[in-house]
1. At a Cα cut-off below 28 Å, give the lysines reachable from K121, other chains included and same-chain residues fewer than 8 away excluded.
2. Any idea what the relative contact order of region 1-122 is, in percent, if you count C-alpha pairs under 8 Å spaced at least 6 apart?
3. I'd like the orientation of helix 176-189 relative to the chain: the angle between its Cα long axis and the longest Cα principal axis, in ° from 0 to 90, rounded to 10.
4. Quick one: compute the contact order of region 98-212, relative version, from alpha carbon pairs under 8 angstrom and 6+ residues apart, as a percent.
5. At 1.4 Å probe size, with the rest of the protein present, what percent of the exposed accessible area of region 120-212 is carbon and sulfur atoms?
6. On each of the three principal axes of the Cα atoms of the chain, give max minus min coordinate, whole Å, ordered largest first.
7. Using a 1.4 Å probe, what is the accessible area per residue for the chain, in Å²?
8. Among L105, L43, L172, determine the one that fluctuates most according to a GNM of the chain built with springs between C-alpha atoms less than 10 Å apart.
Amino acid sequence: IIVAAIFDALDGRVARRLGVVSRFGAELDSLSDFLCFGVAPALLLYLWSMHEIKGLGWFAVLVFVIAAALRLARFNVMIEDPTRPAWHADFFVGMPAPAGAVTVLLPLYLNLSVLELPATKGLAIFNIFYVIAIALLMASRIPHFSGKRIGRIPRDLVIPVLFGVGATILLLAIYPMELLAVVSLAFLAMIPLSVKHYNKLAKAEAAKNALS
């Protein structure tokens, strides 16, 4: 799942650089995202913990898979909308599927981390509600920062960025579960900031349209 998330962040850029962007490739990318970020994490959580409560466990799995499918379908429709303001490209509508797949595994990270969160029946119940909550975030229209339009790194920031990348890779090799848990919590904590910034830009655009 992590490897799929890395490739998902790179495939579009590589396709654009090579000039091989196509509608077929976009649909194939969505199918891959559905399997890697919808089906795989939900089944992983079910086999690890939620199988303790079979009926509700399968319900949470299906809700997450359906939410991933809806999220990807909406993304494919919205990218073809010519009326969208340019600043909308800075946001995802709903939690993106790769982020949902990484974030939904937070209980598993905590179980495999130094905290060793025990996989009890109570945790299985928490996982069910947590999975459904992440699914609702994916299917919702809550804005999330995109980051896709980040351009070239300023020359004076190259060394700090390289240092940060190196430190992240090192931490991922030594403390993978702990780092993934921190990343997941940080992403969830950024949602209110995304909503606030989105609303600010939306109000500014509404005021601009009112004047014109």
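The values are calculated or read from the model by the stated rules, or taken from the named source; none is laboratory data. As the structure is a computational prediction, the values presented were derived from the model and not from experiment. Positions of Cβ are backbone-derived with ideal geometry, glycine not excepted, and every protein chain shown enters the neighbour counts. Ligands, DNA and RNA are excluded from the accessible area calculation, which covers all protein heavy atoms including side chains. Shrake-Rupley method; radii C 1.70, N 1.55, O 1.52, S 1.80 Å.
1. Those lysines meeting the cut-off are K54.
2. Worked out over region 1-122, it gives 32 percent.
3. The two axes meet at around 50 degrees.
4. On the way: 49 pairs, mean separation 48.6, N = 115.
Reported as a whole number, the value is 42 percent.
5. 73 percent
6. Over the chain, Cα extents along the principal axes are 58, 41, 36 Å.
7. Value returned for the chain: 62 Å² of accessible area per residue.
8. Comparing L105, L43, L172 in a Gaussian network model of the chain, the most mobile one is L172.
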